[in-house]
């Protein structure tokens, strides 16, 4: 049985997540359901795409991903099922899939048209679960919809290179649970533009001159504990998805704060790297 994942902006207070899972189990008693996230900021397409783009590849081929963000059916927000990179995505045509597969051509895309479905304010349960269950049983996309070619094309904004290749101007694209700030500057861009030159990363009024491979790299374990850097130190690293990330070592948004709050950085704010 294929894995069915759930990614939504429902949170955990309401009944929605439980209702979706219960409906899946009514259709498929032996279903394997995995929660990717239910904490997407409401209607935040870019955040949803970032989380899915960096998680779906860790699932086996043939996995089915139900996406419940901005899913209400309208003439401009059709319900679609997409086969791409050997994974199935069931969602609304709201731009998420374009951001996820910006460099991959889908194998199949259909507009979902199931018989006897209602125009519901909860399509994740009333439409998406039925489509996912059909696929999980080995059914073809052509049975649940007709070919669709009008995928909404949202483009992720890219870093800007200026000053004869001496400057990368990037933007904040995601803030994680720790308040760490993820930029759209990727490791390969940094390497190809920087060519090993010294640099300064500017984030608000802070400057960083080193980008680490992991958070604890800022600690020199050869020093006595009294002389080492400690939790609360500002750092930058290439995160597990290959993006430049600005973090506070062992941060906690509920106590000392994180990079986003302490530096005053939010979605789309600018981060600059100057090479010398």
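Read the figures in this text as sums done on the coordinates, not as results from a lab. A quick note: this is a predicted structure, and the numbers were derived from the prediction, not measured. Methodologically, a virtual Cβ is constructed for each residue, glycine included, from the backbone with ideal geometry; neighbour enumeration extends over all protein chains shown.
Quick rundown of the values:
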| quantity | calculated |
| --- | --- |
| Hits in the range 236-264 - residues which are under 17 Å from residue 184 (Cα atoms) and touching a helix residue (DSSP H, G or I) at 6+ places or on another chain (Cβ under 7 Å) | 237, 238, 242, 244, 246, 247 |
| Residues of the range 155-192 satisfying the condition of being farther than 12 Å from residue 275 by Cβ and without any contact (Cβ under 8 Å) to a residue 12 or more places away in the chain | 160, 176 |
| Strands (runs of 3 or more DSSP E) contained entirely in the range 187-262, each with at least 3 residues that are within 24 Å of residue 49 (Cβ to Cβ) | 234-238, 243-248 |
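Yes/no matrix, rows are residues, columns are (1) at positive phi; (2) surrounded by fewer than 11 Cβ atoms within 10 Å (Cβ to Cβ); (3) out of contact with any strand residue (DSSP E or B) (no Cβ under 6 Å at 6 or more places or on another chain):
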residue: 111; (1), (2), (3): no, no, no
residue: 115; (1), (2), (3): no, yes, yes
residue: 122; (1), (2), (3): no, no, yes
residue: 176; (1), (2), (3): no, no, yes
residue: 179; (1), (2), (3): yes, no, yes
residue: 189; (1), (2), (3): no, no, yes
residue: 196; (1), (2), (3): yes, yes, yes
residue: 201; (1), (2), (3): no, no, no
